[in-house]
1. Run the quick spin-label model on Ala183 and Arg149: label points 7 Å from Cα toward the beta carbon, then report their separation in nm to one decimal.
2. Compute the angle between helix 58-72 and the longest alpha-carbon principal axis of the chain, please, reported from 0 to 90 degrees and rounded to the nearest 10.
3. Name the most mobile residue of Pro109, Pro151, Pro118, meaning the one with the largest mean-square fluctuation, in a Gaussian network model of the chain with Cα contacts below 10 Å.
4. For an R0 of 25 angstrom, estimate the FRET efficiency from the Cβ-Cβ distance between Ala21 and Thr160 and round to the nearest 0.05.
5. With springs only between Cα atoms under 10 Å apart, run a GNM on the chain and tell me which of Glu145, Glu83, Glu67 wobbles the most.
6. Ordering Glu89, Glu116, Glu150 by accessible area with a probe of 1.4 Å, largest first, what comes out?
7. Work out, step by step, the length gained on full extension between Thr57 and Glu83: first 0.36 nm times the residue separation, then minus their alpha carbon distance; give nm to one decimal.
8. I'd like the orientation of helix 178-193 relative to the chain: the angle between its Cα long axis and the longest Cα principal axis, in ° from 0 to 90, rounded to 10.
Amino acid sequence: MSATTTASEGRGRGGRERILAAATRLFAVQGINATGMEQVAEAAPVSKRTLYAHFRTKDDLVIAHLEHLASSGATLESVLTREDIPPRERILALFDQPAPDAAPVRGCPFIDAAAEFPDPHSTVHSYAREQKLRMVGLVTALVTELGCREPVALAEQLVTLADGAASRAMVLDEADYGRHARAAAETLLAHALAG
């Protein structure tokens with residue numbers, strides 16, 4: 001197989017998937033706003049025409065990227081829906097360190113996206129907010145299942161700990177920073193389940 005054939009096959013089918021994969025890599029390393037559409041097309045590799053055929057605007061690409069992360073199980077929140085893990089352990093898994101090969105530590109992609117799109121009415125910020133509200137809803141359901149008193153307040157406390165730990169882990173580039181928040185979460189859960 002010639003190099004020309006290989007390159008042309010790389011630009012063939014699967015363009016959308018390659019664009020999303022390239023965007024995910026670039027957004028993680030450079031940030032969303034620092035990554036240009038031309039860079040994404042080059043890294044995919046696809047033509048700019050193909051890129052814009054799949055994603056009319058950068059906002060469209062960012063939303064697709066975030067939707068892909070949410071549906072692929074690549075975010076901390078994904079552990080909350082795993083029925084093979086008991087509810088308490090699902091909650092505490094929010095504080096587990098990311099995969100060992102995740103360097104540097106990136107934190108929460110939804111918080112990152114909201115920070116890069118600070119207008120609360122922008123589509124990206126709105127999507128990030130929806131994911132954070134979904135997270136607190138999932139945790140509320142789990143603490144309710146555990147029989148915790150005041151499940152909504154407890155869920156808000158737990159997700160605040162998880163988001164704070166993810167943010168500090170990213171800023172400090174310390175993958176296991178969540179251990180501090182996990183200890184606090186264990187205390188909150190023990191108190192809520194007492195009596």
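1. The two pseudo-label positions are separated by 2.5 nm.
2. That works out to roughly 50 degrees.
3. Pro118
4. For R0 = 25 Å, the calculated efficiency reads 0.20.
5. Between Glu145, Glu83, Glu67, it is Glu83 that shows the largest mean-square fluctuation.
6. Order by accessible area, largest first: Glu150, Glu89, Glu116.
7. 5.7 nm
8. Helix 178-193 sits at roughly 40 degrees to that axis.
The values are calculated or read from the model by the stated rules, or taken from the named source; none is laboratory data. Being a predicted model, the structure only gives us computed values, none of them experimental. A quick note on method: Cβ atoms are made from the backbone with ideal geometry, for glycine too, and the neighbour counts reach across all protein chains shown. Side chains are part of the model used for accessible areas, which takes the heavy atoms of the whole protein and leaves out ligands, DNA and RNA. Shrake-Rupley method; radii C 1.70, N 1.55, O 1.52, S 1.80 Å.
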